[in-house]
1. About its Cα centre, how strong a charge dipole does segment 133-268 have in debye, to the nearest 20, once Lys and Arg get +1 and Asp and Glu get -1 at the Cβ?
2. Calculate how many DSSP beta bridges within the chain are antiparallel, expressed in % of all such bridges and rounded to the nearest 5.
3. Rank Gln370, Pro174, Trp453 by how far each Cα sits towards the positive end of the charge dipole of the chain (+1 on Lys, Arg Cβ; -1 on Asp, Glu Cβ) and give me just the farthest.
4. Calculated from DSSP H runs of 4 or more alone, at -39500 (n - 2.57) each and per residue, what is the 222 nm mean residue ellipticity of the chain, nearest 500?
5. Please find the FRET efficiency linking Asp209 to Tyr50, where r is the Cβ-Cβ separation and R0 is fixed at 30 Å, and quote it to the nearest 0.05.
6. Per residue of segment 126-138, what does 6.51 cos²θ - 1.76 cosθ + 1.60 with θ = phi - 60° give for ³J(HN,Hα)? Whole Hz please, x for Gly and Pro, Karplus curve as stated.
7. Give the accessible area for His481 in Å² (nearest 10); use a 1.4 Å probe, count only protein heavy atoms, and leave out ligands, DNA and RNA.
8. Taking the simple approach of a point 7 Å from Cα along Cα-to-Cβ for both Glu289 and Thr456, what is their distance in nm?
Amino acid sequence: MTELERKHERAPVPSEWTYASAPEARDIVTLQERYGHYVGGEWVEPRETYTTISPASEEPLAEVGQATPEEVTAAVAAARDAFENGWSDISPAERAKYLFRIARILQERSREFAVLESLNGGKPIKESRDVDLPLSAAHFFYYAGWADKLEYAFPNRRPRPIGVAGQIIPWNFPLLMLAWKIAPALAAGNTVVLKPAETTPLSALLFCDVLRQAELPPGVVNIVTGDGRTGAEIVKAESVDKIAFTGSTEVGKAIQRELAGTGKKLTLELGGKAANIIFDDAALDQAVEGIINGIYFNQGHVCCAGSRLLVQESIYEPVVEKLKRRLTTLRVGDPLDKNTDVGAINSKQQLDKIQELVATGEEEGAEIYQPPCRLPEKGYWFAPTVFTNVAQSYRIAQEEIFGPVLSILTFRTPEEAVEKANNTPYGLSAGVWTEKGSRILWMAERLRAGVVWANTYNRFDPSSPFGGYKESGFGREGGRHGLEPYLDLDGSQALSP
Ligand code: NDP
């Protein structure tokens with residue numbers, strides 16, 4: 001044995017890795033004690049308020065408005081006024097200028113927004129910094145580019161804005177969902193009333209400051225905060241011409257019922273129970289990273305999360321073993337720590353829902369695995385979880401858990417994989433892992449999902465349309481398709497050549 005070999009033989013193997021904490025500085029964000037509604041370019045003092053908190057510590061962050069029906073009416077009136085008196089008539093290139101400004105300001109203030117997003121929503125700072133913020137700015141850049149090219153996007157038609165868009169967004173990607181909604185609406189020449197989710201209003205309220213900095217004309221974007229009652233008022237408001245909603249299938253159905261027969265346009269982006277399908281010829285280590293990203297990204301609070309893992313039977317054991325090993329390296333904890341992989345669950349209500357569904361999984365006979373990890377005492381936390389021995393009929397294989405919980409099933413043939421993947425009321429997304437291009441195309445043709453990722457997962461790009469089939473909703477966001485719901489194309493006359 002050489003000297004070098006002897007040295008290595010004796011080198012102690014660390015039994016436990018510890019990481020020094022690496023917290024992002026919180027003082028880049030200045031919170032107000034109390035926020036009003038942003039209506040007609042002004043802050044309006046709210047009549048009623050509630051407290052928004054940090055889900056990681058339960059610390060109160062600020063008082064925000066709970067918009068009353070009158071306050072919603074005022075916001076819609078401001079949007080209508082802005083639409084009729086200026087915004088719809090300004091030149092498309094001018095509209096683009098505002099969108100470009102918003103995109104650039106978001107880039108400049110991205111650290112501030114990322115910290116606020118993690119503080120109010122519980123997501124790890126590395127995700128808000130590297131995913132939410134860059135993608136939000138990219139959406140504004142992308143749609144800024146379309147604003148003066150609508151007639152090229154829809155050739156031989158005369159695209160016109162439709163008026164006032166009411167937009168209701170969820171808590172899983174607060175700023176990104178705002179960008180997905182506001183950027184195409186403005187590019188198409190509409191004005192907006194937007195409601196962020198009750199638990200995550202702060203980044204939308206900070207965004208109002210960006211609108212002021214960009215000198216967007218008053219009333220073009222109005223933001224009202226509050227709970228589901230405020231959302232319902234926006235849906236009911238007579239002067240709203242289009243509703244864009246992202247959230248649960250249950251509320252989406254209620255909105256669809258409410259709007260039936262009114263002639264208002266509607267797009268719904270609802271839940272999902274996506275299959276992430278691993279074939280035996282896939283690069284397994286890469287696939288395991290894709291599984292982790294598919295379900296533990298953003299604590300699994302992702303409508304397109306790969307929450308059902310379908311593994312080809314012949315590689316079931318190595319995949320499960322690698323996955324469990326990888327799970328032990330995930331760091332759960334302070335969202336503002338740059339080392340954190342899995343942050344806090346967004347609310348007590350969501351934590352209760354995850355716990356309830358996980359309990360049914362155990363009762364129904366599935367086998368649970370959670371890596372050893374210490375969860376903070378305060379706040380809302382759930383350890384990354386894997387269920388094996390899952391039957392298709394179990395609730396954990398059928399219902400959207402919207403948390404860091406993966407259910408593993410197996411298949412033998414591609415036909416069986418397709419059948420199991422499509423055996424769901426949802427149809428938002430799917431993943432396929434295989435080395436064969438022909439198999440990817442074969443699968444993609446048969447999977448009833450709006451997005452099919454191949455050898456990757458949870459990849460987003462503003463130029464790429466996103467949306468669902470079946471109970472995952474209808475309409476597309478992103479890409480040229482994302483402009484369509486904000487335009488009147490039907491009543492248009494054909495353009496002369
Ligand atoms: P909701 O569908 O209730 O929330 C989405 C948005 O709609 C929020 O802004 C919410 O306000 C608002 N809202 C609630 N009720 C109404 C109504 N009657 N009319 C108009 N707007 C309304 O989702 P939850 O937050 O309750 O989450 C429940 C489940 O939904 C999750 O466990 C998850 O399974 C799924 N979900 C799916 C999402 C997706 O991206 N597809 C996103 C969020 C949730 P408020 O926040 O005040 O309730």
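The values are calculated or read from the model by the stated rules, or taken from the named source; none is laboratory data. Computed from a predicted structure; not experimentally measured. Here the Cβ positions follow ideal geometry from the backbone for every residue, glycine too, while neighbour counts run over all protein chains shown. The accessibility values were calculated without ligands, DNA or RNA, using every heavy atom of the protein model including side chains. Shrake-Rupley method; radii C 1.70, N 1.55, O 1.52, S 1.80 Å.
1. Working: 14 positive and 11 negative charges, 89 e Å.
Charge dipole of segment 133-268: 420 debye, to the nearest 20.
2. Here the share of antiparallel DSSP bridges comes out near 30 percent.
3. Of the options given, the answer is Trp453.
4. On the way: 16 runs with 180 residues, N = 497.
Computed mean residue ellipticity for the chain: -11000 deg cm²/dmol.
5. In this case the efficiency is close to 0.90.
6. Per-residue couplings from phi come out as 5, 7, 5, 6, 9, 10, 4, 6, x, 5, 4, 4, 4 Hz.
7. 80 Å²
8. 1.2 nm
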